[in-house]
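The values are calculated or read from the model by the stated rules, or taken from the named source; none is laboratory data. Because the structure is predicted, anything quoted here is derived from the model rather than measured. Note that each Cβ is placed from the backbone with ideal geometry, even for glycine, and that neighbours are counted across all protein chains shown. Remember, those area values only see protein heavy atoms, side chains included, never the ligands or the DNA or RNA. Shrake-Rupley method; radii C 1.70, N 1.55, O 1.52, S 1.80 Å.
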Amino acid sequence: MNKSISNIAQMAGLPAFVSLSQSAVVDITGPDAAEFFQAQVCNDLRLLSPDSAQLNGYCHPKGRLLALFTVFAIDEGYRLILPLDIVEGFVKRLSMFVMRAKVVVQHRADLACLGVFTQGSIQALPGLPDMTPPASPMVLHSDADVNCVRWFDAPALPSEVAAPEQSATAANRFVVVAPVAECDRLLSLDNVAQTENAAWRWADVLAGIPSVSAANIEQFVPQMMNLQFLNGLSFKKGCYPGQEIVARMQYLGKLKRHMRAFRWQSDNVNGLPEIGAALSSGDDAAAGRIVDAVSDATGGVLLAVVKVDTENFEIDGQSLEPLALPYSMSVEETA
């Protein structure tokens, strides 16, 4: 699951398509889908509108995240986007709890996901003239069998994705869900650049957007991955697996770990850090744990869950440079 963008060819500029081949689509449908799935997840599905999506998570009874996904409403249920390497286990586990409820949990292998990088104001997405691009993050627009979610903007772009004059500026991002044949058509367009999945994840790291993959499943409770700051966690929705532990951390304890972003220089770290690898700080060899890491032309960037009151993190004995996240992490705002 570790990624590198060091070999991406230089592009002339944006827009650019990304085949999100490491993502998969799951539909949860049926007359009882709303009641069933609301009782399983850590965010409030009742807050969804026909034109919105949300981050949401599925926890182990001990409060650790088994999955983190984007979800939006469809006819008689919900559509989820989540990492491909956890889909089989997610579908199997969730299906165990359906029992007599009228619910179908289905991996939609006939659907694929694309990411789109753009800049500035646009009237339509490349190849989709009838699709009005959503104007702000987590807004959903759908047309026939194509769904489009405005994703979290990239605070900057890797030089491998953008022309030199673009790389220091932010970019708009969109996630498109469509039939496989339609995604293949979009990727074959002559007037749109293409890049690799790692470039998308590089932008996610700088945007502070975590992921739960097979490499870090069941390692973190939602607050450790900043879901309370990303509108991905509700403390008012009611019961779900792990809810008591999540609520206890919020109301009775003090959050001791949270997620931060860091950069390493190319000559400072021996290879791409592994997801799950430990960060040290002084004599503390377990001061943090890597959530995701992506290398680039100057080294790389990573997300890590680290101890709240600790600074000066290292990996392989080399210092990491802390990076600011583009959202507030104020405790008062989540009370």
Practice item. Select from Phe313, Ser330, Ala24 the residue farthest towards the positive end of the dipole of the chain; place +1 on Cβ of Lys and Arg, -1 on Cβ of Asp and Glu, and compute about the Cα centre. Key: Ser330
Exercise for review: Have a look at Asn172, Asn312, Asn43 and tell me which one the Gaussian network model of the chain (Cα, springs below 10 Å) gives the largest fluctuation.
Suggested key: Asn312
Study note, to complete from the structure: Ranking Glu182, Glu311 from most to least accessible area with a 1.4 Å probe gives Glu311, Glu182
Study note, to complete from the structure: In Å², rounded to a whole number, the accessible area per residue of the chain with probe 1.4 Å is 44
Exercise for review: Percent of Cα-Cα pairs per 10 Å bin, from 0 to the last occupied bin, for segment 185-330, please list those.
Suggested key: 10, 38, 31, 15, 5, 0
Study note, to complete from the structure: So the compactness index of segment 220-293, its C-alpha Rg divided by 2.2 N^0.38 Å, takes the value 1.36
Study note, to complete from the structure: Sorting Ala156, Pro179, Gln119 by the position of each Cα along the dipole of the chain (Lys, Arg +1; Asp, Glu -1; all at Cβ), the one nearest the positive end of that ordering is Pro179
**Study point:** Cα centroid separation, segment 33-61 to segment 250-297 (Å)
**Key:** 29
Check your understanding: Once you charge only the Cβ atoms, +1 for Lys and Arg and -1 for Asp and Glu, what is the size of the charge dipole of the chain about its Cα centre, to the nearest 20 debye?
Key -> 1040
Check your understanding: Once phi is turned into θ = phi - 60°, what whole-Hz ³J(HN,Hα) does the Karplus curve with 6.51, -1.76 and 1.60 give for every residue of segment 132-142, x standing for Gly and Pro?
Key -> 6, x, x, 8, 9, x, 6, 8, 10, 10, 10
Point to revise | Long-range amide H partners of Gly276 with built H, under 5 Å | key: Ile290, Val291
Review point. Which whole-number percentage describes the relative contact order of the chain, with Cα contacts under 8 Å and a sequence gap of 6 or more?
Key: 22
Revision key, fill the gap. Sorted by chain and number, the residues with a modelled amide H under 5 Å from that of Ser234, at a separation of 5 or more or across chains, are Asn43, Asp44
**Study point:** Calculated FRET value between Phe97 and Glu311, using beta carbons and R₀ = 56 Å, to 0.05
**Key:** 0.85
Check your understanding: Between segment 172-245 and segment 88-148, what is the C-alpha centre distance in whole Å?
Key -> 12
Study note, to complete from the structure: So, relative contact order of segment 77-154 in percent, Cα under 8 Å, 6 or more apart, is 14
Review point. If you bin the C-alpha pair distances of segment 39-88 every 10 Å from 0, what whole percents do you get?
Key: 23, 55, 21, 1
Review point. List the GluC sites (Glu not before Pro) in segment 184-261 that DSSP assigns to loop (not H, G, I, E or B) and whose Cβ has at most 14 other Cβ atoms within 10 Å. Which are they?
Key: Glu218
**Study point:** Alpha-carbon gyration tensor eigenvalues x 5, square-rooted, for segment 60-215, Å
**Key:** 29, 20, 14
**Study point:** Cα-Cα pairs of the chain separated by more than 26 Å (percent)
**Key:** 48
Point to revise | 10 Å Cβ shell holding at most 14 others, DSSP loop, trypsin sites (Lys or Arg not before Pro): longest site-free stretch of the chain | key: 103-235
**Study point:** In Hz, Karplus ³J(HN,Hα) per residue of segment 301-308 (6.51, -1.76, 1.60; θ = phi - 60°; x = Gly, Pro)
**Key:** 10, 8, 10, 9, 8, 10, 5, 4
Review point. Amide H of Ala193: which non-local residues (sequence gap of 5 or more, or other chain) have their own amide H closer than 5 Å, using H built in the peptide plane?
Key: Phe17
Check your understanding: What is the magnitude of the charge dipole of segment 200-335 about its Cα centre, with +1 placed on the Cβ of each Lys and Arg, -1 on the Cβ of each Asp and Glu, and no other charges, expressed in debye to the nearest 20?
Key -> 620
Point to revise | In sequence order, calculated HN-Hα J values of segment 203-208 (Karplus, 6.51, -1.76, 1.60; Hz; x Gly/Pro) | key: 5, 5, 4, 5, 7, x
Study note, to complete from the structure: For the chain, whose charge dipole is built from +1 on Lys and Arg Cβ atoms and -1 on Asp and Glu Cβ atoms, the candidate among Tyr240, Leu140, Leu128 with its Cα farthest towards the positive end is Tyr240
Review point. Counting each DSSP H run of 4 or more residues in the chain as -39500 (n - 2.57), what helix-only mean residue ellipticity at 222 nm follows after dividing by all residues, to the nearest 500 deg cm²/dmol?
Key: -3500 deg cm²/dmol
